[in-house]
Structures are given as C-alpha cells and as structure tokens.
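What follows is calculated from the coordinates using simple rules that are stated; it is not laboratory data. Keep in mind that what you see is a predicted model, and the values were worked out from it rather than measured. Cβ: placed from backbone, ideal geometry, glycine included. Neighbour counts: every protein chain shown.
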Amino acid sequence: MTNMKQTGLRKMTIRRASLHAVTVLGLTFVACTPSGSAPSDTETTVQTPELLIPATATLERVGELLYDPMADSIHPDPRMASMIRLGFQISQDPQTYASEFVGNDLTCGNCHLNAGQRDRALPLLGVAATFPQYRRRDDRLVSLEDRIGGCFKRSMNGTAPPYDHPVMLALDAYLNWLSEGFAMGERPAWLGQNEIAVEARIPIEELDVNGGEELYNLHCAPCHGLDGQGIDLILAKPGPLWGPLSWNDGAGAARIWKLAGYIKHAMPLTAPGTLTDEEAQLISAYVNSHERPEYPDKESDFPDGTRPADAVYDTLVFSTHPLMRAEGRQP
Ligand code: HEC
Ligand code: HEC
C-alpha cells in the first residue's frame with residue numbers, strides 16, 4: 001500500500017515538475033487549471049483531480065484544455081510538436097483531418113471530452129503508458145495503435161489507419177504527449193471509471209425503453225434533439241446518438257451498461273453525475289434501442305466465448321434485439 005502511494009506520488013511529482021518547467025517558460029496552460037494556479041508539490045493524493053478537468057464541469061467548459069497542444073514550445077523538436085498538434089486536431093475534427101478512415105459524424109472529442117483531459121468522461125491522460133495490454137475482446141496483446149484503430153472501426157464506424165500512417169502516428173504523438181511523466185505500466189486511478197457497479201446493473205431484458213424515452217426527452221433532448229442527432233450549441237455540437245451517422249453496434253457505446261456508465265458520470269452537461277444508476281441505464285437502453293450501423297466483424301469479438309451480457313446487438317448473446325422499438329425489426 002505504502003509502496004503504491006509512494007509510486008503514485010513520484011509519478012505526480014514528475015508530471016507537476018514538467019508543468020512547472022512549462023510555467024517557467026512563460027506559457028499559459030498551467031494558468032487555466034480549475035483552481036487558477038499552478039498545482040502544488042505538497043499534495044500527496046494519487047487521485048489528483050487537478051490533473052484533469054473535473055467531472056462536474058458543465059457545458060461552458062466544454063472547450064477548455066489543461067494541456068494545450070497549440071501552445072508554444074510544447075516540444076523542443078518542432079516536427080514532434082507539429083505531429084502532437086495534428087493528433088489533437090484529428091481528435092477534434094476527424095472528418096477534416098482523417099476523413100478516409102471515418103464513417104460517421106462523431107469526433108473522438110465528442111466522447112473523450114475536453115480532448116481526453118476530463119475526469120469521468122473516458123479520459124486519455126496517462127493512457128499511453130498502460131499499453132500494451134491483454135484485452136478480452138481481442139484475446140491477444142493489444143497496442144495503443146490497436147486501441148486507436150478499434151475506436152476508428154467501431155466508435156467512428158470507419159477503418160483503422162495503418163500503423164505507419166500519419167493519422168495513426170499523429171494520434172500516437174498526442175496521446176503519448178498526454179502521458180509524459182507517467183510511469184510505464186502503471187494505471188492511473190481515473191482510467192476505467194465510466195462504469196455502472198456490478199451490483200447496480202439491471203438485467204437488459206428488464207429495462208423499460210419507454211421509461212428511458214421519457215427521461216431522455218427531459219434530460220438529454222434539449223442538447224441532443226428529440227431525433228438524437230445533436231443540436232449545434234455554438235460551444236460544441238454533440239454527435240449523433242443513433243442512426244446511420246452514429247457509432248456502430250460493435251462499439252463499446254453500443255453496450256447498455258457501458259454507455260450507461262458514460263451517461264451516469266459525464267452527462268447531462270447541465271449537471272453531470274446527477275442521474276441515478278437506474279436512470280442512466282434506462283436512458284442508455286433507449287439510446288441503444290435505435291438502429292445504427294452494423295460492425296461487420298463483431299462475430300469474431302470475444303473469441304474465448306465469454307461475451308458480455310449487455311451486447312444487445314450480438315446475436316450470440318441475444319437471438320433478437322431485446323430492446324429494439326420499431327416493430328418487426330431484427331438486429
Ligand atoms: C462513441 C464514443 C467514442 C468515440 C467517438 C471514440 N471513442 Fe475511444 N473509447 C470509447 C469507449 C466507450 C472506450 C472505452 C471502452 C471500454 O471501456 O472498453 C474508449 C476507449 C479508447 C481508448 C482506450 C482508453 C483506455 O482507458 O484504455 C483510446 C486510446 C481511445 N478510445 C481513443 C479514441 C480515438 C483516438 C478516437 C477517435 C478516432 C476515439 N477514441 C473515439 C468511446 C469512444
Ligand atoms: C447541456 C447540453 C447537454 C445535455 C443536457 C446532454 N448532453 Fe450529451 N453531450 C453534449 C455535448 C456538447 C457533447 C459533445 C461534447 C464535445 O464534443 O465536446 C455531448 C456528448 C454526449 C455523448 C457522446 C457521443 C455523442 O454523440 O456526442 C453521449 C453518449 C451523450 N452526450 C449522451 C447524453 C445523454 C444520454 C444525455 C441525457 C442524460 C445528455 N447527453 C445530455 C451536451 C449535452
């Protein structure tokens with residue numbers, strides 16, 4: 001225990017030291033931390049929310065960054081700096097910067113809020129240092145590039161850029177930059193937190209989609225629209241939650257409990273974190289009860305046979321979609 005704490009402290013100190021170094025150079029990204037001041041080295045907790053934009057931040061802060069890749073002198077090598085910036089730009093606007101690999105209207109930043117710099121919204125800070133890792137869905141060792149490619153194929157309903165393609169390399173550069181100062185192989189406490197606790201999970205078949213629709217119309221439609229396609233809010237435009245321009249049925253977000261974990265902790269952006277576990281699951285069931293693109297390779301996921309119980313589109317888990325609303329529609 002003590003050991004873990006000490007290691008965590010060391011890691012944070014390294015990260016903070018590099019932030020201080022940047023402050024000395026006269027740059028601005030430390031100045032926009034939530035507290036408005038540079039982090040202090042005297043705090044010792046491993047889970048340090050000040051390294052991330054807080055989970056409670058509302059719509060006004062949707063464009064905020066703690067680590068701004070567009071700031072001057074982010075890297076001594078200007079070629080590296082420009083790849084880090086390109087990676088950030090791809091994550092915010094893949095339709096412009098990576099169009100050949102994208103098959104829908106979503107951006108990485110729609111789901112990984114504040115370009116992966118926000119707590120409880122699928123943060124990407126420190127994630128590069130956790131690869132390679134074994135994943136059940138693939139049943140083999142996966143690299144960061146595999147994982148990025150996975151989000152392209154599923155969440156973006158597109159194709160994975162080749163490992164040596166500038167799009168992949170630039171995203172690699174941005175994510176590695178977000179992991180500077182983190183110890184290799186250590187998992188920051190904020191990763192994997194967009195979950196519904198096992199004991200709070202409601203069996204999929206018991207989720208009432210009509211109840212979910214009412215909650216959606218109340219809490220979500222003001223920004224996402226009754227049609228789920230997203231309203232331009234000037235500060236940001238949410239991506240489509242369903243339909244042909246949304247994530248496909250092989251995406252993590254197509255799984256009811258997984259999406260509920262996101263909704264519960266990251267939405268609604270008027271008051272994130274205020275929905276109950278049940279409300280989040282009902283809304284998730286409603287969102288995922290709509291039609292969306294089909295992921296062609298989903299039958300080869302989870303080759304060890306232990307398929308997740310919330311993958312409603314997976315015909316090996318459910319023979320027909322248990323929540324699909326439109327009559328006579330099959331998965
Ligand atoms: C529809 C929402 C969505 C979009 C769009 C999306 N992702 Fe993800 N991403 C997820 C979810 C959900 C997970 C976590 C899945 C899980 O828990 O297994 C994830 C996981 C990741 C991870 C691994 C994080 C970890 O904690 O191990 C990386 C890296 C990543 N995404 C990168 C990207 C990139 C790059 C893009 C854009 C090309 C992108 N994502 C677009 C939803 C999305
Ligand atoms: C105040 C406006 C607002 C409300 C209310 C809101 N959202 Fe969002 N939501 C957003 C914005 C803006 C984004 C994209 C953020 C970005 O791109 O930086 C987003 C992103 C998402 C995403 C990521 C995928 C996508 O399509 O963009 C999901 C899923 C989501 N919201 C679900 C919900 C649900 C479910 C509710 C209701 C419980 C909800 N939101 C309420 C503004 C809102």
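Numbers below:
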{"quantity": "Backbone HN-Hα couplings from phi across the stretch 270-275 [Karplus 6.51/-1.76/1.60, Hz, Gly and Pro as x]", "calculated": "6, 7, x, x, 9, 6"}
{"quantity": "Ascending count of other beta-carbon atoms within 10 Å, so fewest first, for Asp277, Asp119", "calculated": "Asp277, Asp119"}
{"quantity": "3J(HN,Hα) from dihedral phi, the stretch 72-81, Karplus parametrisation 6.51/-1.76/1.60, rounded to Hz, x for glycine, proline", "calculated": "5, 6, 6, 8, x, 8, x, 5, 5, 4"}
{"quantity": "5 angstrom amide H check on Val102, placed H, neighbours 5+ away", "calculated": "Thr159"}
{"quantity": "For Arg135, distant residues with modelled amide H under 5 Å away", "calculated": "Arg140, Val142"}
{"quantity": "The stretch 59-178: relative contact order as a whole-number percent, Cα under 8 Å and 6+ apart", "calculated": "31"}
{"quantity": "Modelled FRET efficiency - R0 30 Å, Glu180 with Leu141, Cβ distances, 0.05 increments", "calculated": "0.80"}
{"quantity": "Shape category assigned to the stretch 206-261 from the gyration tensor of Cα positions, a/c cut at 1.5", "calculated": "oblate"}
{"quantity": "Full-extension gain in nm, Asp208 to Leu316, via 0.36 nm per residue minus C-alpha separation", "calculated": "36.7 nm"}
{"quantity": "Which listed pairs, of Lys153/Lys264; Lys153/Lys258; Lys264/Lys298, have C-alpha distances above 21 Å, in listed order", "calculated": "Lys153/Lys264; Lys264/Lys298"}
{"quantity": "Residue-wise HN-Hα coupling along the stretch 136-151, computed from phi with Karplus coefficients 6.51, -1.76, 1.60 (Hz; x: Gly, Pro)", "calculated": "5, 4, 9, 6, 7, 6, 10, 9, 4, 5, 4, 5, 4, x, x, 5"}
{"quantity": "For Ile53, residues with placed amide H under 5 Å, excluding near neighbours", "calculated": "Arg118, Asp119"}
